[in-house]
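Okay, so here's the structure we're looking at.
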Amino acid sequence: MKWNYKSRIYFLPLILFFFLLEKGFFACNDNPVRVNLEKIELIEIDEPLENPFKGFTTWIGNTNPIFDEKLQYATFAWRDIEPQKGVYNWSRLEQGWGDVQKTGKRVGFRIAACIPGSGQNDIPQWLIDKGVSMRPYSIDGHQGFAPNWDDTVFLAAHHDFITALGNRYDQDPRVAWIDIGSYGFWGEWHVWLNESLTATRETKQAILEDYFQAFPTKPKVIAFDDDFATKYVTERGGGIRNDCLGTEASNNWYLKSLDRIDPTLNENVWKTAIITGEFCGGTQGAIDGTTLRFNLNFDFIKQTHWSFIGPAGGAIQPQSEEHRKNLELLHKTLGYRFVIRRFVHRDDVKKGENFEFDIQIENKGIAPFYFQWPFVVYFTNENDSTLLEVETGIDIREWLPGTWSKIVSIYIPVSIPAGVYNIKLAVHDPNTNEPALLFANTNKDQKLRYLVSRVRVM
């Protein structure tokens, strides 16, 4: 056909129609303007993350020179907490704890009834006055007196004390875990070189059961030195503490002990319960264990799936740049380290329907996160205002070392305005209902939410 002036007039409306259609000028109110959605690249970062319930543990009141650690620890003598029968000095126990909602710092603690080197009796004097006998001991150059653990007066008072302790702290968000103590030197469940002090199995079980009844919700760990107690605790969901990390002999002793108790302990307990401990030899032992014997201990910690380490060694000063790198590597490896690897979905979702996404998380650490904290999806607009916040129902305790993936569906309410939204992810601390866990990813906002994608709501 001959292209003339009239032809151009006839075609102009058609050209204009297609132009406006492309630009979305004929979209109804429920359909946003079509725009290309920018892909968000999920990029991993390498630096250490100062996360809850992992890393280094310091004595209460101390600090780590490298990391802003979230765990602190202390052992307390029974006499200091219950100076009179039924009268409790909670302020002594809580000294230096701080406000977990402001600092994120939590504590673990142990009660001891015999602390070699303390220079005094470690059960309350009123309990001795009631007739509980004290028996002499000698260990590591220390002499003192240990209570008769089998005494029924001792056991009755212990039951009342631990019950009161649980009533106060089982639901306290400041408390991260409980070391099951009370029995043995330093509450470590051994009377090494003083076997005449050994309690009966019935007494041990009574002391253990006091803790399980008083602390039904708090994680509990026990030093592995008593086979019966370790088996009793782990069979009930408790974890293990190793207070002598650092040499080939001590590390092998731990593995052989667990194998003697139950050949499956090292393989299975860590999947649901905390594994922790500290270095032999205090600060110098920790320095030697992270310099001269770093590879040995690093491999052992990976093999036994530790979440945190300390307080002995929890506040080590780096001795060199190489030592600093060792500590950073250890810190990154302890416990969990989550990386968002995949977040895939359709570009569009309609209001009043379900939004389905395929998510993959890699745990590059050596242990899971042991708490059922909510995993939350946010839809935010261009002004970073939250238009939708949904708890997904994902159980992050399932993120064992390796990769985890799942297809998840959330409902998009009809009330949300149509538009293009940023999708952000976060793990909430249930005590604050705010994001509180760091991923090893970029795109973190000031509220600890991670931008992973964009979606068009229609």
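The values are calculated or read from the model by the stated rules, or taken from the named source; none is laboratory data. Since the model is a prediction, treat every value here as computed from it, not as a measurement. Neighbour counts are summed over all protein chains in view; Cβ atoms, including those assigned to glycine, are modelled from backbone coordinates with ideal geometry.
Those residues that are surrounded by fewer than 21 Cβ atoms within 10 Å (Cβ to Cβ), of a type in the set (F, W, Y) and not in a loop (DSSP other than H, G, I, E, B), I need them from the range 188-216; list them, please. Within the range 188-216, F212 is the sole residue that qualifies.
Within the range 165-188, residues that are of a type in the set (D, E) sit with their Cβ atoms under 7 Å from residues that are assigned to a strand (DSSP E or B), at 6+ positions apart or across chains, in these pairs: D179/G108; D179/F109; D179/R110; D179/V221; D179/R241; E188/A223; E188/D243. The condition of being at pLDDT below 95 and either under 23 Å from the mean Cα position of the chain (by Cα) or under 20 Å from R106 (Cβ atoms) (or both) holds for only one of D243, D179, that being D243.
Only one entry in N354, N422, N363, N383 is buried (at least 19 other Cβ atoms within 10 Å of the Cβ), farther than 22 Å from K54 by Cβ and among the polar types (S, T, N, Q), namely N422. Checking each residue in the range 44-76 for being more than 17 Å from G335 (Cβ to Cβ) and either under 15 Å from the mean Cα position of the chain (by Cα) or assigned to a strand (DSSP E or B) (or both) picks out E44, W59, A74, T75, F76.
Filtering the range 85-111 to residues that are in contact (Cβ under 8 Å) with a residue 40 or more places away in the chain and hydroxyl-bearing (S, T, Y) leaves only Y88.
Yes or no, residue by residue, for (1) hydroxyl-bearing (S, T, Y); (2) within 20 Å of D299 (Cβ to Cβ); (3) in the same structural domain as Q72 (by TED's automatic domain parsing):
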position	(1), (2), (3)
V233	no, no, yes
G238	no, no, yes
N242	no, yes, yes
T247	yes, yes, yes
W253	no, yes, yes
I261	no, no, yes
V269	no, yes, yes
G277	no, yes, yes
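Here the range 305-333 is the region considered, the condition is being in a helix (DSSP H, G or I) and under 16 Å from the mean Cα position of the chain (by Cα), and the residue that is nearest to P401 (Cα to Cα) is T333.
A Cβ distance below 8 Å, combined with a sequence gap of six or more or placement on separate chains, defines the contacts here; from the range 313-326, residues that are more than 12 Å from N64 (Cα to Cα) reach residues that are surrounded by 21 or more Cβ atoms within 10 Å (Cβ to Cβ) in the pairs H323/T290; N326/T290.
Among the candidates F76, F109, the residue that is more than 30 Å from A440 (Cα to Cα), surrounded by 15 or more Cβ atoms within 10 Å (Cβ to Cβ) and in contact with a helix residue (DSSP H, G or I) (Cβ under 8 Å, 6 or more places away or on another chain) is uniquely F76.
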